[in-house]
Amino acid sequence: MRDLVRETDLRARHLIYPLFVVPGRGVRRPIPSLEGQMHLSPDEAAAEARAAAADGVRAVLLFGQPPEGAKDGEGSAAWAADGAVQEALRAIGAAAPDVLRISDVCLCAYTADGHCGVVRDGRVDNDATLPLLQRTALSHAAAGADVVAPSDMMDGRVGAIRSALDAAGHADVAVLAYAAKFASQFYGPFRDAEASAPAFGDRRGYQLDPANGRQALREVDLDLAEGADLVMVKPALAYLDVIAAVRARTGVPLVAYNTSGEYALVRAAAAAGWADGAALAAEVLTAIRRAGADAIITYHAREVARALGRA
Ligand code: PBG
Ligand code: ZN
């Protein structure tokens, strides 16, 4: 009876698995702040994508790290043709051709100050950042990205990236806009993993105030008008109302990001013996689906997909 009347479906096909790619070969290094996740060199990222696909997870989201000492004022390692993300895109394409390759487009892991845009006179310069994001997205598309996902939150970036892709013959590369991305405490473990925390100030100049639901909808409208193919709400769990409101507003595919801090809460509760971790994760992800998300980016992807496979 419960199966017959269940309203919300959570399947492995709804999940997107984030991978943290680093330069090198044969690197598979546990990430201390994200228990269960690894820093992977491009070859190992390809192996991980294959393993995820075997669990039923058929989409990955790539984050990268520059080589040691390569961070600079503009984040120029972000668009290196032989960067870790670019190499991983190629390696995954060869080893796991049925896995969708989504790449995060941002500068914060590549800039010396850890900001998502270039800093001029102590401030993030929105418009000076746009050409750098274009170059980064183009380098990902050239390496085989199916979807580019700008997470920087500069105004106008979706339109800038869309037109650069089209002009370079990449009309079939989709843009997943981090449309409603809030300035959140739920990113802590990720910034530790990516060494991308801002060296001064914070991200409130470009990310949304957690108090602002209506502004989140305006951000979604702007990104859609600029040509976004999919839109994202991030974080997910504390923003289910925003997910539901975006769902009611638009028919485009809606992605929610179950972030590193949300993952940490679940892992901590499980480690303390206060919850069954896999069941708690499935409950959280089901709630995000119930609120209206089509797909969910989650560090729980493989574990939950395996549990669903057994169910
Ligand atoms: C940076 C970026 C962040 C995340 C994805 N891309 C952190 C931030 O904005 O500081 C967070 C992901 C997570 O916490 O899981 N552009
Ligand atoms: Zn960033």
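The values are calculated or read from the model by the stated rules, or taken from the named source; none is laboratory data. None of the values given here were measured: they were computed from a predicted structure. FYI the Cβ positions are ideal-geometry reconstructions off the backbone, even for glycines, and counts take in every protein chain you see. Quick note on the areas: whole protein, heavy atoms, side chains included, nothing else; ligands and nucleic acids left out. Shrake-Rupley method; radii C 1.70, N 1.55, O 1.52, S 1.80 Å.
See the values below:
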| item | result |
| --- | --- |
| Net +/- balance of residues flanking Thr250 in space, Cβ distance below 11 Å, scoring K and R +1, D and E -1 | 0 |
| Rounded to the nearest 10 Å², the accessible area of Tyr239 at probe 1.4 Å | 20 Å² |
| Test item: Cα-centred dipole of the range 61-174, Lys/Arg +1 and Asp/Glu -1 on Cβ, debye | 80 debye |
| Anisotropy class of the range 1-60 from Cα gyration tensor, a/c 1.5 cut | prolate |
| About the Cα centre, charge dipole magnitude for the range 208-305 (Lys/Arg +1, Asp/Glu -1 at Cβ), debye | 160 debye |
| Prolate/oblate/rounded call for the range 175-306, Cα gyration tensor, a/c under 1.5 rounded | oblate |
| Probe 1.4 Å, protein heavy atoms only - accessible area per residue of the range 30-87 in square angstrom | 39 Å² |
| GluC sites (Glu not before Pro) within the range 23-114, DSSP loop, no more than 11 other Cβ atoms inside 10 Å | Glu68 |
| Accessible area per residue in Å² at 1.4 Å probe, computed on the range 103-183 | 30 Å² |
| At most 16 other Cβ within 10 Å, DSSP loop - trypsin sites (Lys or Arg not before Pro), the range 9-116 | Arg11, Arg25 |
| Protein-only accessible surface order, largest first, of Met38, Met232, Met1 at 1.4 Å | Met1, Met38, Met232 |
| Solvent exposure of the range 245-310 as accessible area per residue, Å², 1.4 Å probe | 40 Å² |
| With every protein chain in place, the chain: carbon and sulfur % of accessible area (1.4 Å) | 51 percent |
